[in-house]
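Here is the structure we will look at.
Since every read-out is calculated from the coordinates, none of them should be taken as a lab result. Note that this is a predicted model, so its numbers are computed, not measured. No Cβ is skipped: glycine too gets one built from the backbone with ideal geometry, and neighbour counts run over all protein chains shown.
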Amino acid sequence: MATKIQSDAATALAGLLFDGMTVMAGGFGLCGIPENLILAIRESGVKDLTVVSNNCGVDGFGLGLLLENGQIRKMISSYVGENELFERLYIEGKLEVEFTPQGTLAERIRAGGAGIPAFFTRTGVGTVVAEGKETREFDGETFLMERALKADLSIVKAWKGDAAGNLIYRKTARNFNPMMATAGRVCVAEVEALVETGSLDKDMIHTPGVYVHRILKGPAYEKRIERLTTRPRSEKASA
Amino acid sequence: MPWTRDDMTARAARELKDGFYVNLGIGIPTLVANHIPPGVEVTLQSENGMLGMGPYPFEGEEDPDLVNAGKMTISELDASSYFNSAESFAMIRGGHIDLSVLGAMQVAANGDLANWMVPGKMVKGMGGAMDLVAGVKRVIVVMEHSEKSGRSKLVRECTLPLTGKGVVDLLITDLGVFDIDRGRSAVRLVELAPGVTLDHIRAHTEADFVTDLA
């Protein structure tokens, strides 16, 4: 079996990128984003991308870098409030956006990876999200049909991974990454630690290796915090 | 004197019951966590994939892999668990969450809620709000009673794009508390903020309501 391990992000994406393609990118805000693969996509100059991601990074970091570089034609997202450039491009009509409720987005991706072409949900009934979509009654209640999402490429970020492609995420950095790993025609995963096969607890693996085609250890992680909120240490004694 | 944001969220916190699983929206609703009544234990769900959200971390203990739905750094508790976004919304959509507190731009007498965009002006996206109002058992809205221009935000019919139809159970504003009951019956004013008169609230409310003060 050919190795899945790649030396760096550019090598990991070799032969996978083309103009007009659809890319899924894991992460919630800046938490759990594949920072090194995003940088490599920026360096590649690939354009007219449709990007499926819950958010679009911030100005100057994460997917915000691809936006600045004019590489994104369309976003499929649930929330973009952290990104001024995004809002401006959208209002000026320079960026196409398919707003999708967060849970519907997660489920569309899950369905895409699970071979389910569509599903019915109560979310969005009676709103603009329902426009042009089929509705159906089940047990006297109206539901909306949502179609599955797939991508030419999914890029995900995990905490630990091995040569077999097994992945473990950490805390809330998991978010959309596991579903996206299943819904890309090819999935490239970047990890903070590439560990020896056999050293991960097999009962604790979040993404089994079948979904991951290529894997690399990111050379560095900035892991930028979007909103630093803390309490003073003086509370510790009383807490 | 009208209620402050702290007063409004303290009032919302009185709706919490022991054992509840609760999702607090980003912004003002987050403050509800500061007012959980003594003797009431609730589990906070964060839709980005955590159950059992703890307080902000101590200075120096912040972890970029541990944030809430507002992207703020938080901490974990002994009982916390993490999961992916599909699982998180299965929890929400599947009716396993007891209560959600959300902010709003408009609430209508029929229980409709608008809180995600102003066409041509402001677009942030609905995030998880549409899923929350579609699946959570009880939805409480906390918002300022009027826009900065003075226009009532409790309206006859929403003019902004909807987040959900007939989804609001209770509305708490700086002027008082309204039982909306998802639009199944007439809006009832059930509480006035201290010093706020019935005449004042009538003059500042577009929607029709009946008065049912205790």
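Could you tell me which of the residues B:GLY95, B:GLY111, B:GLY125 is surrounded by fewer than 21 Cβ atoms within 10 Å (Cβ to Cβ) and not in a strand (DSSP E or B)?
Being surrounded by fewer than 21 Cβ atoms within 10 Å (Cβ to Cβ) and not in a strand (DSSP E or B) holds for just one of B:GLY95, B:GLY111, B:GLY125, which is B:GLY95.
Looking at the range A:21-81, what strands (runs of 3 or more DSSP E) fall wholly within it and have at least 3 residues that are touching a Gly at 6+ places or on another chain (Cβ under 9 Å) and buried (at least 22 other Cβ atoms within 10 Å of the Cβ)?
Qualifying strands (runs of 3 or more DSSP E): A:22-25.
Evaluate the following for B:ASP112: is it facing chain A (nearest Cβ under 9 Å), among the acidic types (Asp, Glu) and in contact with a Leu (Cβ under 6 Å, 6 or more places away or on another chain)?
yes
Can you tell me which residues in the range B:42-92 are out of contact with any Lys or Arg (no Cβ under 8 Å at 6 or more places or on another chain), among the polar types (S, T, N, Q) and in a strand (DSSP E or B)?
B:THR43, B:GLN45, B:SER46, B:SER80, B:SER81
Going through the range B:4-50 one residue at a time, which ones are farther than 22 Å from B:ALA129 by Cα, more than 16 Å from the chain's Cα centre (by Cα) and not small (Gly, Ala, Ser)?
Matches in the range B:4-50: B:ASP18, B:PRO37, B:PRO38, B:VAL40, B:GLU41.
Would you mention how many residues in the range B:29-88 are hydroxyl-bearing (Ser, Thr, Tyr) and surrounded by fewer than 23 Cβ atoms within 10 Å (Cβ to Cβ)?
Total satisfying the criteria: 7.
Would you be able to tell me the number of residues in the range A:82-107 that are assigned to a helix (DSSP H, G or I) and touching a residue at least 24 places away in the same chain (Cβ under 8 Å)?
8
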